[in-house]
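Novice: Below: one structure in structure tokens.
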Amino acid sequence: MKMDVRPPVLATEHLTVQVGRRDVVRALNFTLQPGDTLVILGRNGAGKTTLLHTLAGLRDAAAGTVLLSGQPYAAWPRGHEACLRGLLAQSQPDFFSATVLETALVGRHPYLGRWDWEGPEDEAIALAALASMGLGDFAERQVPTLSGGERQRLAIATLLVQRPRLYLLDEPLAHLDLHHEVAVLDHFRALAATGAGVAMVLHDINLTARYASHVLLLDGEGGHIFGPAAEVLTTERLSAAFGHPLRAVADGTATLFVPA
């Protein structure tokens, strides 16, 4: 197997993120390598979205540095960071009517010049992404006619069209049924296997255990634990972070976490 000698897709150095006067994380150091799948866990209000937006370069840190492919965001040419990292936000407002295909093609904008239009290759990339999210027959549908789950899968497809090296996903499973939850997580695990880096906010501890290579657990007070998933996901640490006792249940080859 050929090794990826490029810099880590994402790294932080002594990163401190704040909301008002409250610390979300203090002195966070971690590295996300190609192939890693990081899940950020924590109770409601712990600051997961705030941290993710800081990692995406959309919000200033109180202290420390975020490195995208080895460099601070400010060191990259303006707009180039969109070719390296993509963000799936919690919600996708629709300010005007457009077709599903037109919306998906927005993901190609980082690769187009100011006056360029999408070409056949861009359209082929968009159609393939839509098909991967089960929307292959929806290209001409108007976005306002979609259900919440279909709109979420369109947002994910649009991110896939962007083809970044780093995927930052804020609650990617919102509005999805079980079938599509598993399909989406399988897809991003497959992308990681090809050398992408994936960092996502999830609420399901058991899906985290199934898909995460690493976990960043926030305690809501600025403290955090980062490490391989098997080391971070313990009943003691999860119970403390979520403020409710959990117990582990062995189920064949897997361990499930359930409320005690």
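The values are calculated or read from the model by the stated rules, or taken from the named source; none is laboratory data. Worth saying up front: this structure is predicted, and the values here are computed from it rather than measured. No Cβ is skipped: glycine too gets one built from the backbone with ideal geometry, and neighbour counts run over all protein chains shown.
Matching residues to (1) of a type in the set (Ser, Thr, Tyr); (2) within 12 Å of the chain's Cα centre (by Cα); (3) crowded, with 20+ Cβ neighbours inside 10 Å:
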{"site": "ALA174", "(1), (2), (3)": "no, no, no"}
{"site": "GLU181", "(1), (2), (3)": "no, no, no"}
{"site": "VAL184", "(1), (2), (3)": "no, yes, yes"}
{"site": "ARG189", "(1), (2), (3)": "no, yes, no"}
{"site": "THR194", "(1), (2), (3)": "yes, no, no"}
{"site": "MET200", "(1), (2), (3)": "no, yes, yes"}
{"site": "LEU207", "(1), (2), (3)": "no, no, no"}
{"site": "ARG210", "(1), (2), (3)": "no, no, no"}
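So that you can scan it fast, the table gives a plain yes or no per residue for (1) small (Gly, Ala, Ser); (2) at pLDDT 95 or above:
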{"residue": "THR16", "(1), (2)": "no, yes"}
{"residue": "LEU41", "(1), (2)": "no, yes"}
{"residue": "THR50", "(1), (2)": "no, yes"}
{"residue": "GLY64", "(1), (2)": "yes, yes"}
{"residue": "GLN71", "(1), (2)": "no, yes"}
{"residue": "GLN90", "(1), (2)": "no, no"}
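Novice: When residues of region 221-245 are filtered for being surrounded by fewer than 19 Cβ atoms within 10 Å (Cβ to Cβ) and closer than 19 Å to GLY45 by Cβ, how many remain?
Specialist: 9
Novice: Checking the conditions here, which among LEU160, LEU105, LEU169, LEU154 is farther than 26 Å from LEU38 by Cβ and among the hydrophobic types (A, V, I, L, M, F, W, C)?
Specialist: Details: LEU160 fails: farther than 26 Å from LEU38 by Cβ; LEU169 fails: farther than 26 Å from LEU38 by Cβ; LEU154 fails: farther than 26 Å from LEU38 by Cβ.
Of the residues listed, the single one that is farther than 26 Å from LEU38 by Cβ and among the hydrophobic types (A, V, I, L, M, F, W, C) is LEU105.
Novice: Which of the residues belonging to region 132-151 are of a type in the set (A, V, I, L, M, F, W, C) and part of a helix (DSSP H, G or I)? Reasoning before the result, please.
Specialist: First, pick out the residues of region 132-151 that are of a type in the set (A, V, I, L, M, F, W, C): 133, 135, 138-139, 143, 146.
Hit for region 132-151 is VAL143, nothing else.
Novice: Restrict the check to region 11-22 and report whether at least one residue is under 30 Å from LEU127 (Cβ atoms) and exposed (fewer than 13 other Cβ atoms within 10 Å of the Cβ).
Specialist: First, the residues of region 11-22 that are under 30 Å from LEU127 (Cβ atoms): none.
No: region 11-22 contains no residue that is under 30 Å from LEU127 (Cβ atoms) and exposed (fewer than 13 other Cβ atoms within 10 Å of the Cβ).
Novice: Quick check on my filter: what residues within region 98-131 are touching a residue at least 40 places away in the same chain (Cβ under 8 Å), assigned to a helix (DSSP H, G or I) and not hydroxyl-bearing (Ser, Thr, Tyr)?
Specialist: Pass one, region 98-131, residues touching a residue at least 40 places away in the same chain (Cβ under 8 Å): 98-100, 103-108, 110.
Still in the running and assigned to a helix (DSSP H, G or I): 100, 103-108, 110.
Hits for region 98-131 are VAL100, ALA104, LEU105, VAL106, GLY107, ARG108, PRO110.
Novice: Could I ask something else about it? Between a residue in region 215-227 that is in a loop (DSSP other than H, G, I, E, B) and any residue that is small (Gly, Ala, Ser) and crowded, with 18+ Cβ neighbours inside 10 Å, which pairs come within a Cβ distance under 8 Å, given they are 6 or more apart or on different chains?
Specialist: Once the first residue is in a loop (DSSP other than H, G, I, E, B) and sits in region 215-227, its partners that are small (Gly, Ala, Ser) and crowded, with 18+ Cβ neighbours inside 10 Å give ASP219/GLY42; ASP219/ALA46; ASP219/ALA241; GLY220/GLY42; GLY220/ALA46; GLY220/GLY47; GLY220/ALA241.
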